[in-house]
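Below is one structure; the comments refer to it alone.
The values are calculated or read from the model by the stated rules, or taken from the named source; none is laboratory data. Keep in mind that what you see is a predicted model, and the values were worked out from it rather than measured. For neighbour counting, all protein chains shown are included, and Cβ atoms are generated from backbone atoms with ideal geometry for every residue, glycine included. To get the accessible areas, we keep the full protein, side chains included, count just its heavy atoms, and leave off ligands, DNA and RNA. Shrake-Rupley method; radii C 1.70, N 1.55, O 1.52, S 1.80 Å.
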Amino acid sequence: MNLGTGKADARPGVFLAVLFSTFISAAILPALPGNVEFSGTVLDPSGHSVAGASITLVNSLTGTSRKVVSDSSGQYRFLELPVGTYHLKVSYTGFALYSRDVTVDENGPRNLAVTLRIAARKESVTITSSAPGTYTPLGGTQRGVNANDEARSLNAAELLAEAPGASLRDNGGLATIPLLHGMDDDRVKVVTNGMTVSPSCPNHMNPPLSYIDPSNVAQVSVMAGITPVSMGGDSIGGTIAVDSPQPVFAAPGERVHTEGVLSTFYRSNGESYGPSLVASISTQHFSFGYAGTWTNTDDYRDGRGHLVTSTYAQNTNHVLTLAAQGAGNLFVLQAGFQNAPYEGFPNQQMDLVGNRSEFVNFRYRRILRKTVLDARVFWQNVRHEMNIGKDKSTFPMPMWMPMDTHGRDLGYSVKWAIPFTERHSLQLGSELQRFTLNSTWPAVPGTAPYMGPNPFISMNEGVRSRLAWFAEVNNQWTPHWATLVGIRNDTVWSNAGPVSGYSDMYSMDADAFNALKRSRTDVDLDASALARYEPSAHLSFEMGYARKTRAPNLYERYAWSTDWMTSGMINWFGDGNYYVGNVNLKPEVAHTVSGTASWHDRTHNEWEIKVTPYQTYVRDYIDVNELATQMYGMSTFSQLMFANHDARVSGIDVSGTAAIWKSARYGRGELTGVGGWLHGRRTDTGTGLYQMMPLNARFGLKETLKRLTGGPEIQLVDRKNDTDPLRLEQHTPGYALVNLNAGYQWWHLRFEGGGTNLLNRWYYLPLGGVNFDDFQASGWMGQIMPLTGPGRSFYVGMSVPF
Ligand SMILES: [Cu+2]
């Protein structure tokens, strides 16, 4: 069979793509073996066959999909299917969406029996949501979020805790910041429902994942290692995509479909609790949905019973979704409102005393012939207020320092997937993101000249606009070889208007800043190339290279004050230090080489071991230079200016699963493990980079026995003694935590329960920064110490579908 390149001349785009593919690999395409058959049966939980279920297969490489419907005896059959890996989805009204990966080769699978479960929650049965044109790199992970994850996760970032390559920096209760392969914060692209929003706070108290509640998350995807250009941009560490459930539509033959779930949780340490509601009413063509949550949490206690102050938070989220589908079109309009009235930050001088945001996100998806167009337009408006929160008011100094920040994001993203044969496809895309930022700190009466008589203009019409385009080609050259190659350009324009301080005391810095040429244009060129080789049904290898660029953020460039107090307000590192911007910063450029080897059973369902070594060299890594140091009592702090220095990060991720028993009596037992080691260095000084997660691993045993799932988990973290001397980062000892998770389905109700840190171990968080609250409580006299993690906590959760 030939590859259909003869048809290519009909369309110039196709012709160019083929030319491009040929350019990438001079390999002459060998003839492919004949296509094969894949068949099976759909069953309900009692073993009866299900007629009329939709079975969809999405080719992992090309993104092309095929759909069949099961016959009266529940049988389904795909004929003439090219060999390769597929994502299988089976849906039928009233049942949870079934989904898994399958490897199709000469032997089938034949007679793959699929047993559907009763719909628990949020697992919509729409099949328009499959995403052709997506290639999932082996080093990436994608997983659905279940009710148990929601009951124990305080914020959406915590849903990433088990993803290989990811680690979490403790920030406020809602504002945990994910790192990928040691790359923190802005170095990781975070996409929530297709939107990219910027943290507007100078302390990053409102990072992108703080705007979405775990109860409204259906799926998280983590691309560590080599991130294809179509998923990256303006980031060097990888991409995290968090998606809410797809809109629900009534099934064929159903007039009006309603569904919803009401859930609630309680966690003992910090007494967190809150209800959430997800509900929708739909016809086959229209859908109206609502998702809302309210959560409240108090300060937690560490393993020695010490109250860790400023770990409280409260948050409300409301999201409305209007959707319409028909004739290959899907429209989704989402609008939402978020309000966090307070949230403490134990590792900051300031706390959040208000964060209100509104967003609108419009998505249009169209299937035109075989191509798929996916376009979004989004807007988000944030008003953020900081001050010294309730727990910190123990120090006899001016305890009032309001800081008001206003951020707006406006953007679009367009992706067009063009599968021109079953094995070759092209994806084109463009993105725009315009971020506008104002930050004013009102004068505090009676404190002139330090904090008055005028307001302090920290950021005046800061603007960061980014326009991007990319092209990416997927090729399945033979049943065993595939490549994904892309190029991308992001142009970033940054600027900020003139500033002024509280008083004349700040004039020298303000005048110097105002005299600078502040407008900057960064032209970033990215490229990624991945090659996958699957020599057998048990082995997969992937190798890749990426060049990734991130332009400086607005505070890195335009934080202008070198004054000691005001520069202490610029700090998203939780290290207690004082930061000054640098207009002349260059974008950081990362060159990453990474590979993944995966050993697995034929179905990827019984066992798998995955190993991903990587090395990144970052030219002009945005680090810091020391300007000054100062002692307060027994503690030293640094004033640091952002500066470009080269750096290198090497590491390895290991993950695996194995089904270790399976019987009617004892159910199914599965062992999972994930671990990582990494090492980060400045290449000029040879010193450590900030907040590199020490060697760590998690092992879990999960049993599924009828309606009960769950098991114990052990989390091991090595001591951290490779630290950043410039930020005065402290060593932390190693520790081990034992957790237990369980879920029980009774009729339609689901119950969750378990505990974290069951042995009540006392430990320092390796990525928690310093405990500034305790230092402040000592009257700025004591020795500042790392932040301690929460002690033993029990949780329960319940969800009621209706
Ligand atoms: Cu803030």
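Below is a table of values for the structure above.
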read-out	value
In nm, spacing of pseudo-spin labels at Ala527 and Leu671 (7 Å Cα→C-beta vector)	4.4 nm
Long-range HN-HN contacts of Ala96 with modeled amide H, under 5 Å	Arg117, Ile118, Ala119, Ala120
Qualifying trypsin sites (Lys or Arg not before Pro) for segment 147-247 [loop in DSSP, other Cβ within 10 Å: at most 10]	none
Nitroxide proxy distance, nm - points 7 Å out along Cα→Cβ at Ser507 and Ser73	9.3 nm
Set of aspartates and glutamates near Lys370 by C-alpha distance (under 15 Å), chain-local residues within fewer than 8 positions excluded	Glu422
Accessible heavy-atom area order of Thr562, Thr596, highest first, probe of 1.4 Å	Thr562, Thr596
Proximal lysines to Lys702, defined as alpha-carbon separation beneath 20 angstrom and excluding residues fewer than eight positions away on the same chain	Lys610, Lys662
Cα Rg, Dmax, the chain, angstrom units	26.4, 84
Residue-by-residue Karplus 3J(HN,Hα) for segment 484-498, coefficients 6.51, -1.76, 1.60, Hz, glycine and proline x	9, 10, x, 10, 8, 10, 10, 9, 10, 9, 10, 7, 8, x, x
Helix-only CD estimate at 222 nm, as mean residue ellipticity for the chain, using -39500 (n - 2.57) per DSSP H run (n ≥ 4)	-1500 deg cm²/dmol
At most 14 other Cβ within 10 Å, DSSP loop - trypsin sites (Lys or Arg not before Pro), segment 367-431	Arg369
Stretch gain in nm, segment Ile281-Arg707, where the contour uses 0.36 nm per residue and the Cα spacing is subtracted	150.5 nm
Distant-in-sequence amide H partners of Ile570 (H built 1.01 Å from N, under 5 Å)	Tyr579
Segment Arg719-Val360, extension gain: residue separation times 0.36 nm, minus the distance between their alpha carbons	124.8 nm
Whole-Hz couplings from phi, Karplus 6.51/-1.76/1.60, listed for segment 431-441; x for Gly and Pro	9, 9, 9, 10, 10, 10, 9, 10, 9, 10, 10
Residues whose placed amide H lies under 5 Å from that of Tyr621, excluding near-sequence neighbours	Val589, His645, Asp646, Ala647
Hits among lysines - C-alpha to C-alpha of Lys548 under 19 Å, sequence gap 8 or more where chains match	Lys189, Lys586
Integer Hz, Karplus 6.51/-1.76/1.60 couplings in order for segment 571-581, x for Gly and Pro	5, 10, 10, x, 9, x, 8, 10, 10, 10, x
Between 0 and 90°, nearest 10: helix 12-24 axis offset from the chain longest Cα axis	80 degrees
Contact order relative to length of the chain, as percent, for alpha carbon pairs under 8 angstrom and 6 or more apart	10 percent
Restricting segment 630-676 to trypsin sites (Lys or Arg not before Pro) in coil, as DSSP defines it, with at most 14 other Cβ within 10 Å	Arg665
Environment charge of Asp524, counting only residues whose C-beta is closer than 14 Å and scoring Lys/Arg +1, Asp/Glu -1	+3
Net charge, His48 excluded, C-beta distance under 15 Å - Lys, Arg +1, Asp, Glu -1	-1
Label point distance in nm, Thr447-Glu37, each placed 7 Å from Cα along Cα→Cβ	7.8 nm
Summed side-chain charge close to Lys415 - residues other than Lys415 whose Cβ falls under 13 Å, Lys, Arg +1, Asp, Glu -1	+2
